[in-house]
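Values in this text are rule-based calculations from the coordinates and carry no lab data. Just so you know, these numbers come straight off a predicted model, no measurement behind them. In this analysis, Cβ positions are derived from the backbone assuming ideal geometry, glycine residues included, and neighbour counts consider all displayed protein chains.
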Amino acid sequence: MPGKRATTCGMCGGALRDTVADSVERYQLGLGTVIIRHVPAQECQGCGEVWWPSSSIARMEDVLSGGKRSDAMAVIAVPAYDLAAM
Ligand SMILES: [Zn+2]
């Protein structure tokens, strides 16, 4: 996904509209899986592809590189499954 702010979809050429992604999951060594909420994004009205403006990517990378667990608004437990045990 390109970080540049565009007005048309790079996949299908459809129009993009500004939106806010409820939550984005990223994996960061040390922090594990991180959920970042309310990320400004652009969604294609044609194919539904979500594009991240470079400003959103930069802010997410700030969180992932400098974020501390104590800065998180919440720490949640997630279910883990082991196929060998099922
Ligand atoms: Zn599209």
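Helix 54-66 versus the longest principal axis of the chain: what angle, 0 to 90°, nearest 10, using Cα atoms? Once rounded, the angle reads 10 degrees. Charging the Cβ of each Asp and Glu at -1 and of each Lys and Arg at +1, and nothing else, the dipole of the range 1-69 about its Cα centre rounds to 220 debye.
Taking R0 as 22 Å, what's the FRET efficiency between Gln28 and Leu83 from their Cβ-Cβ distance, rounded to 0.05? Taking R0 as 22 Å, the efficiency between Gln28 and Leu83 is 0.35. Across q = 0.27 Å⁻¹, the range 1-69 modelled as identical point scatterers on its alpha-carbon atoms has Debye log10 I(q)/I(0) values of -1.15, in the order of the q list. Amide H to amide H, with H built 1.01 Å from N, Val34 comes under 5 Å of Arg26, Tyr27, Gln28, counting only residues 5 or more places away or on other chains. The amide H of Thr19, built 1.01 Å from its N in the peptide plane, has Ala41, Gln42, Glu43 as neighbours under 5 Å, considering only residues 5 or more places off or on other chains.
At a Förster distance of 30 Å, what's the computed FRET efficiency of Ala74 paired with Ala6, Cβ-Cβ distance as r, to 0.05?
Computed FRET efficiency for Ala74 and Ala6: 0.35.
Filter the chymotrypsin sites (Phe, Trp or Tyr not before Pro) in the chain down to the DSSP loop ones having no more than 10 other Cβ atoms within 10 Å, then list what survives. Loop-located and lightly packed - Tyr81. Ranking Leu29, Val39, Trp51 by how far each Cα lies toward the positive end of the dipole of the range 1-69 (charges on Cβ) leaves Leu29 at the top. Would you mind checking the range 34-65 for residues with the amide N under 18 Å from a putative spin-label position 7 Å along Cα→C-beta of Arg17? Counting only backbone N, you get 39-53.
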